[in-house]
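Encoded as structure tokens, the structure appears first; notes follow it.
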Amino acid sequence: MDSVNILAFESSCDETSVSIIKDGKEEIATVVLTQIDIHKLFGGVVPEVASRHHIENITIVIEECLNKAHMTMNDIDAIAVTYGPGLIGSLLIGVQAAKTLSYLFHKPLIPVHHIAGHIYANNLVEEMKFPLIALVVSGGHTELVYMKDNYSFEKIGGTLDDAVGEAYDKVARVIGLPYPGGPAVDKLAHVGKDTYSLPVPLDDDTYHFSFSGLKSAVINLSHNETQRGNEIRKEDLACSFQNRVVEILSKKTMKALKEYHVDRLIVAGGVAANQGLRENLQKLCHENNIHLIIPPMKYCTDNAAMIGAAAYFAYKKGRIATLDLNAKATEELK
Ligand code: KG4
Ligand code: ZN
């Protein structure tokens, strides 16, 4: 196959992003317009507000990306888009924009699962080799995925309730930190001590996770202390919460690597930006001779570059959509 330039779209939550990626690995240009400051006012993403902003921004972001790349649509070989899972109104804007350009310029349309995108962000760092285990940790997902080969996904475990990022965001709210809570809790955890007694969530033999119990424990502890007139040591609570999260994520990930006889690990999703998780996995992988890839921060949170990277491998596997492609709020990774 000659080299392939993919124009990719990501609009599943509160980032409007367009990127041009060459051959699944080379980032030519990316534009990410985040709505964080708008949703901060509400303490979380308001779906209707998010889709309205995607509509307002999408054409501007497309134009800016092409300008940044010094390219026109003639230089583009295929169009890719996140079709799910995510907020339906937000997804629809990206899907509609991608379908319109695909139709107008006669370019193949490649549908990309949002989590496949997060996983392939790693291919922008270095060529992914297989088999591998992917730990996907974001605001909507906490999954362990076994990949025997390129673009083959076997989910071996996932959260039974809250996603890990969701738990971070709720804990942050309880201790009075702004949205999105993950980075703020992470920062605070680094200056705190692990002094609060919190339960290790779902510490069993499965590859599943559960974060709602831990989240509730933090909420209850905070309420009880407030009622007693005691001050919460926010940094210590953040540190105790983060340590329990990192422990269980690391433990089950290392178990998967061992039991699947795999010596490659990639970490994906917004929570992959977590300093505590990064440091612990780096240490464990070093001790166990596991090759670890964690994307730099800009590829951890939602962006279209990761969608363009995944799309190249989907395209090579013949995964092309017709113009009746629809957005899906929920969708299994396959
Ligand atoms: O992947 P992402 O941008 O969006 C989803 O697909 O969900 O992930 C966003 C999530 C939010 O819950 C945010 O709080 C969390 O990732 N996050 C973090 C950190 N940075 C972002 N969680 C923990 N530590 C961080 N440093
Ligand atoms: Zn995401």
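Figures for the structure shown
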| item | result |
| --- | --- |
| Index of the failed condition, ARG173 passing every other in (1) open to solvent by 10 Å² or more (accessible area, probe 1.4 Å); (2) within 14 Å of ligand 1 (Cβ to nearest atom); (3) under 20 Å from ALA305 (Cβ atoms) | (3) |
| Residue that is farthest from ligand 2 (Cβ to nearest atom), among those in segment 164-191 that are in a loop (DSSP other than H, G, I, E, B) and at pLDDT 95 or above | VAL191 |
| Matching residues, segment 15-47, being open to solvent by less than 40 Å² (accessible area, probe 1.4 Å) and at pLDDT 85 or above | GLU15, THR16, SER17, VAL18, SER19, ILE20, ILE21, ASP23, GLY24, ALA29, THR30, VAL31 |
| Out of ALA116, ALA98, sole residue that is more than 21 Å from GLN275 (Cα to Cα), part of a helix (DSSP H, G or I) and within 16 Å of ligand 1 (Cβ to nearest atom) | ALA116 |
| Qualifying residue in segment 116-126 (condition: surrounded by fewer than 18 Cβ atoms within 10 Å (Cβ to Cβ) and more than 19 Å from GLY270 (Cβ to Cβ)) | yes |
| Residue that is nearest to SER12 (Cα to Cα), among those in segment 140-157 that are away from ligand 2 (no atom under 16 Å from the Cβ), of a type in the set (A, V, I, L, M, F, W, C) and open to solvent by less than 20 Å² (accessible area, probe 1.4 Å) | LEU144 |
| Search result, residues across segment 243-265 that are under 26 Å from ASP149 (Cα atoms) and touching a Pro at 6+ places or on another chain (Cβ under 6 Å) | VAL262 |
| Checking GLY89 against (1) open to solvent by 70 Å² or more (accessible area, probe 1.4 Å); (2) closer than 26 Å to LEU323 by Cα, the condition it does not meet | (1) |
| Residue in segment 192-242 that is least open to solvent (accessible area, probe 1.4 Å), counting only those that are part of a helix (DSSP H, G or I), closer than 30 Å to VAL145 by Cβ and hydroxyl-bearing (Ser, Thr, Tyr) | SER240 |
| Residue count, segment 4-30 (criterion: touching a Lys or Arg at 6+ places or on another chain (Cβ under 9 Å) and in contact (Cβ under 8 Å) with a residue 60 or more places away in the chain) | 7 |
| Among (1) in contact with a Gly (Cβ under 8 Å, 6 or more places away or on another chain); (2) of a type in the set (Val, Ile, Thr); (3) in a loop (DSSP other than H, G, I, E, B), the one test that ILE20 misses | (3) |
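Yes or no, residue by residue, for (1) within 23 Å of GLY182 (Cβ to Cβ); (2) open to solvent by less than 20 Å² (accessible area, probe 1.4 Å); (3) in contact with a Gly (Cβ under 8 Å, 6 or more places away or on another chain):
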residue: SER12; (1), (2), (3): yes, yes, yes
residue: VAL49; (1), (2), (3): yes, no, no
residue: ILE55; (1), (2), (3): no, no, no
residue: ILE76; (1), (2), (3): no, yes, no
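One line per residue, one yes/no per condition, for (1) in contact (Cβ under 8 Å) with a residue 60 or more places away in the chain; (2) within 16 Å of ligand 1 (Cβ to nearest atom); (3) farther than 30 Å from ASP2 by Cα; (4) part of a helix (DSSP H, G or I):
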{"position": "LYS252", "(1), (2), (3), (4)": "yes, no, yes, yes"}
{"position": "LYS255", "(1), (2), (3), (4)": "no, no, yes, yes"}
{"position": "LEU277", "(1), (2), (3), (4)": "yes, yes, yes, yes"}
{"position": "HIS286", "(1), (2), (3), (4)": "no, no, yes, yes"}
{"position": "ASP302", "(1), (2), (3), (4)": "yes, yes, no, no"}
{"position": "ILE307", "(1), (2), (3), (4)": "yes, yes, no, yes"}
{"position": "GLU332", "(1), (2), (3), (4)": "yes, yes, yes, no"}
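The values are calculated or read from the model by the stated rules, or taken from the named source; none is laboratory data. In this text, all values refer to a predicted model and were calculated from it rather than measured experimentally. In this analysis, Cβ positions are derived from the backbone assuming ideal geometry, glycine residues included, and neighbour counts consider all displayed protein chains. Please note that ligands, DNA and RNA were not included when accessible areas were found on the heavy atoms of the full protein model with its side chains. Shrake-Rupley method; radii C 1.70, N 1.55, O 1.52, S 1.80 Å.
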